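Each remark here refers to the structure printed beneath this line.
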Amino acid sequence: MNRPRPVCVLGGILAALLLVPAARASDEKPSQPRAVLVGISKYADKQIKARKHAENDAKALYDLFTNKDHLGVDPKNVRLLLGKEDEKRNSKPATRQHILEALEWLAKEAKPDDLTLFVFLGEGGSLGPKGDRRCYFATDSTVKDRATTAVAAADIGKRLEKFASRKFCAFLDINFKGFDDAAVPEPTLGHAAYSELLGDDSEDHNFLPGRVAFLATNGLSVSLDLKEHGLFTTALLDGLKGGADKEGYEPDGLVTVAELTEYLAKAMPDLAKKYGKDDTEKEQVHYVLGDRTSLTPITTNPAAIAKVRQRLEKFDRLIVEGKLPETLAEEGRHLLRQMPRLKSQQSLRKAYQQVVDGKLKIDAFKEKRKEIVEGNRLDREVAEQFAKEVLGGAELLSEGFVREVKRGELVANALRGLYRRISEPLPSALAERIGKAKKLKKTELRELLIDARLHLGKREDLEGHKDVDIALARMVGHLGDKHSIFVDPETLEQFRKGTEGAFVGIGVQIKKDRATKELLVVTPLKGSPAYRKGIKAGDLITTITLTVDKQGKPLNKPEVLPTKGLEINEAVAKIVGKPGTKVTITVQRPGEDKPREYEVTREKIEVETVLGFQRKADDNWDFLVDPKSKLGYIRLTQFTERSAEDMIKAVEVLKKQGLRGLVLDLRFNPGGLLTRAEIISDLFIDDGLIVTIRPRQGAEDPHLGEARDSELDFPMAVLINGSSASGSEIVAGCLQDHGRAIIMGERSYGKGTVQNVVPFAGGQVKLTTATYWRPSGRNIDRDSTKGRDEDEWGVSPSKKYELKLSTKETDELEEYLHESEIIHPKGKAGQRSNPEFKDRQLEMALGYLRGQIKRADRAKLLRNE
């Protein structure tokens, strides 16, 4: 573990500038560890698969956590939820209600320094038409009604959203494919997987400091069972009982997150290779997500902790008796209590042990300590550069962020975050100065930053600009704005490399076929290379063959990849690449004996965003939903470069067909380019205000529309829901405020902020710099309010036109809309997963427009009479 160092040595006298007396260990207020453990072996719904050892594993971990030799959690601070009651351990049934209540209790009671543990051993499933949302099955869950009977990942995230503990460990042995129902979408894991446990401190889903999740698998495969326990729990029990206590030159009596991470990296593969019956079982891969390098202790190792405690008592006596100066108390206790990670600090720890054990005289100890400290002293120039960049970041944020933030507060957050991230305790004197940072002048903040960096000295974990990167990331993270983020230079470069071919491929939507475990083509994308080659929906991609790399350079030998068992993200990584390069895919078409082979040239893929009611025979969109009444329907999925142009074309097509009313569907539209939202808004209104951009400083920026080429000759209904955000809200709010359209459906998401990307410190800062407001001056941004129903935010349906859908019906609607996008083989109509589904919100809109047309016809008739 990283430990504090004195700043420098001057004239042979140790300058312990930042080392001041600290409270003795006996005076420290003890934390209260808390735990929630869920284990379910058998489910009432037989479609949910059984887990052989889940409940016994949960009991074994309960016994370990409550054992005073290892953690000693008070049973009153544990919630054990099982499929079958255990009176001895005072368990409760693992129902959905009990699981949610336990999480609410954990979030309410846990204090910042309390170690909190969450264990889930059981099965899970997918939610949503794309399987991109997950749920945890409770004892009373059913596959059929999982949307309402299972614990959704979002349910967990909501309970832990304001969780105070900075020491949170989750242990999961869950299979989100733990059910038998071919009609349920295959679960997928997105970039925000497990954010319900790890938290989310930015739009890019970075985990919150101090949170870690240990996973038996990635959640999409079954974990191996051994004789008495699952493989994962077997390794956990061994590690937490002391097997993982291996960091440094000797056990220190504590098993930390970092040590358990390292231990499992060896123990899990060894157990899998030893007990696995086939290649799949032998290659089981576990995962550790989040703050995996944290030095937070989880359990104690009874074989070593007694000696550590004895040394601490002896050290306290040396301080009390005046044999060692009080200025060394804080440093000494911390080093003796826990093994530091850095080699230099380990040397210093050995010196403290030797003086406590009587193997090193006091004067000799002081000389040795002086030598170690001198060797790790940081050049002041390095600290000054650190201060310059961090202070520059604070200036950038204080001047540009949408809300007022004090420069001193930003610096304080940067330093606290830096020390916390490297598990370094703040010395008392430094902590006191940081506490007063809000009132410090710029020169004083600079000196504070220099001193704080000098105190840390030379460290392996802060080399290569990492000190600045961590400080800036923590500074931005503490703004309390999920849309603002600092991306460090290394991550930015990796992101650029990783996205070079992200929008270049062959143009197919794929998913895992449950029966064959190969890749199923959901649909080719209109106009894409795959579409032109003749690849069809329903084709099974059995093999991917590469003869060149992503840059087009020939490989020494072809890379042939069978897709059976290949994860979706792995397959996509192989299919995408540089424009103009080729990839060969082998497909098996239903009803054919021989496979087909296609060599496809990669291109930049333009995704359709302006969609109609259904596909026509030529695969183009039919925008006329009601030919008799001449009602049009346009669904806009997002705002991209081409969206406005394609929208104008779609309206022109409808006008040629005699358009008399239009439904604009913005449901599930997350937004996109502000300029395209403005053009589309302007298309449907006369001149006037579209949206107002309000920075924190400077004049408002009103964006105005023009009357030229506006489409005003037909009534409109706009559909929105809780997933309509940003650009969707600009359009819906503008049309509502101008009285141009009736808004129907459900209240929108409520994102009313503007982000700018600014290069800084070799990386970049994406910073919320302004808010946008409706023409009426009404607020859109939910985060600027308490988010209550009665607060003003987002866009609400027009009076009498709100129609809320249940979670289940919303999922069915999303699936229904997604299925309408599929390009089916000629002569083969696609089979709907739910042919009886009715889009009630669309029916409401069509009913309204038909009524408007009738009234217009009657008025025209009266005028003619």
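The values are calculated or read from the model by the stated rules, or taken from the named source; none is laboratory data. What you see is a predicted model; the values in this text were computed from it and never measured. We place every Cβ from the backbone using ideal geometry, glycine too, and count neighbours over all the protein chains shown. Just the protein is used for accessible areas: all its heavy atoms, side chains included, with ligands, DNA and RNA removed. Shrake-Rupley method; radii C 1.70, N 1.55, O 1.52, S 1.80 Å.
Residue-wise test of (1) hydroxyl-bearing (Ser, Thr, Tyr); (2) touching a residue at least 60 places away in the same chain (Cβ under 8 Å); (3) open to solvent by less than 10 Å² (accessible area, probe 1.4 Å).
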residue: ALA471; (1), (2), (3): no, yes, yes
residue: ASP488; (1), (2), (3): no, yes, no
residue: GLU493; (1), (2), (3): no, no, no
residue: GLY507; (1), (2), (3): no, yes, yes
residue: THR516; (1), (2), (3): yes, no, no
residue: GLY534; (1), (2), (3): no, yes, no
From LYS536, LYS511, residue being over 30 Å from GLY762 (Cβ atoms), assigned to a loop (DSSP other than H, G, I, E, B) and out of contact with any Ser or Thr (no Cβ under 7 Å at 6 or more places or on another chain) = LYS536
query = In the range 276-313, which residues are β-branched (Val, Ile, Thr) and open to solvent by 70 Å² or more (accessible area, probe 1.4 Å)?
reply = THR280, VAL285, THR293
request  = Would you mention how many residues in the range 314-325 are in a helix (DSSP H, G or I), touching a helix residue (DSSP H, G or I) at 6+ places or on another chain (Cβ under 6 Å) and open to solvent by less than 30 Å² (accessible area, probe 1.4 Å)?
outcome  = 2
ask   = Is it the case that VAL184 is β-branched (Val, Ile, Thr), more than 17 Å from the chain's Cα centre (by Cα) and either open to solvent by 40 Å² or more (accessible area, probe 1.4 Å) or within 23 Å of ASN569 (Cβ to Cβ) (or both)?
value = yes
ask   = Looking at (1) in contact (Cβ under 8 Å) with a residue 60 or more places away in the chain; (2) open to solvent by 20 Å² or more (accessible area, probe 1.4 Å), which is the one condition that is false for LEU520?
value = (1)
request  = Could you check the range 326-434 for helices (runs of 4 or more DSSP H) lying wholly inside it with 1 or more residues that are open to solvent by less than 20 Å² (accessible area, probe 1.4 Å) and touching a Ser or Thr at 6+ places or on another chain (Cβ under 6 Å)?
outcome  = none
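Regarding SER728, is this residue outside any strand (DSSP E or B) and surrounded by 22 or more Cβ atoms within 10 Å (Cβ to Cβ)?
Yes: the conditions hold for SER728.
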query = Would you pick out the residues in the range 771-795 that are open to solvent by 40 Å² or more (accessible area, probe 1.4 Å), in contact with a helix residue (DSSP H, G or I) (Cβ under 7 Å, 6 or more places away or on another chain) and aromatic (Phe, Trp, Tyr)?
reply = none
inquiry  = I'd like the full set of residues that are of a type outside the set (S, T, N, Q), touching a Ser or Thr at 6+ places or on another chain (Cβ under 9 Å) and either closer than 23 Å to ILE485 by Cα or not in a strand (DSSP E or B) (or both), limited to the range 169-194.
reply    = PHE176, LYS177, ALA183, VAL184, PRO185, GLU186, PRO187
Residue that is farthest from ILE680 (Cα to Cα), among those in the range 606-615 that are more than 32 Å from the chain's Cα centre (by Cα) and assigned to a loop (DSSP other than H, G, I, E, B) = PHE613
query = Can you tell me how many residues in the range 825-865 are open to solvent by 90 Å² or more (accessible area, probe 1.4 Å) and outside any loop (DSSP other than H, G, I, E, B)?
reply = 10
key: Matching residues, the range 421-476, being of a type in the set (Ser, Thr, Tyr) and within 18 Å of THR293 (Cα to Cα)   = SER423
query = For the range 616-692, which fully contained strands (runs of 3 or more DSSP E) count at least 1 residues that are crowded, with 24+ Cβ neighbours inside 10 Å, among the polar types (S, T, N, Q) and over 36 Å from the mean Cα position of the chain (by Cα)?
reply = none
task = Mind listing just one residue for me: the one in the range 242-275 that is of a type in the set (D, E, K, R) and under 24 Å from GLY199 (Cβ atoms) and, of those, least open to solvent (accessible area, probe 1.4 Å)?
result = GLU259
task = Look at ARG459 and say whether it is buried (at least 20 other Cβ atoms within 10 Å of the Cβ) and not aromatic (Phe, Trp, Tyr).
result = no
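Report whether or not SER798 is open to solvent by less than 30 Å² (accessible area, probe 1.4 Å), over 27 Å from the mean Cα position of the chain (by Cα), of a type in the set (S, T, N, Q) and over 21 Å from ASP701 (Cβ atoms).
Judged against the criteria, SER798 is a match.
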